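Notes for the one structure printed next.
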Amino acid sequence: MRARTVSALLYIVPAIAILATWFDLARPTDSTITFDIEPALALLKNGFPFVGLSAAWFQWFLIALPLICLALALAYMSRLSTARVGSVVLVALGFSLAMIAWFTTSHTFGLLIALPIPFGLQAVWSASRQRDNVA
């Protein structure tokens, strides 16, 4: 399996984990199966008192985080990752996102987002080698 494909698949893991966390936060405590949107909207409106953060940027960041991970997964599957510059940009974006997630959310999310970075570096090396062979 190519390194860029592995990176793309590994960026789906934190997206699923974050969405599962949102589902768990939005689930009423007395019900185990049904999903109610009201607790999720209340979290967005009132903040996360159990974390001690009520800043609006934090809620929007938690909403955007799985979307950014999915966008990186799609970018690794596109032709962008076959070019050396594109691969370097994707690794830099992934590293930046992992560091931001590490310092603002759970360390687990930061580690999950950092998982694809070694494979992204391998994709950079593969793109550089492919470019050298073509020239």
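A short reminder: the numbers here are calculations on the coordinates, not readings from a lab. Just so you know, these numbers come straight off a predicted model, no measurement behind them. FYI the Cβ positions are ideal-geometry reconstructions off the backbone, even for glycines, and counts take in every protein chain you see.
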Work through the residues other than Leu90 whose Cβ is under 13 Å from its Cβ and net out their charges, Lys, Arg +1 and Asp, Glu -1. +3
How many nm separate the modelled label positions at Ala71 and Val89, each set 7 Å beyond the Cα in the direction of the Cβ? 1.2 nm
Residue separation between His107 and Leu80 times 0.36 nm, minus their alpha-carbon distance, gives in nm 6.8 nm
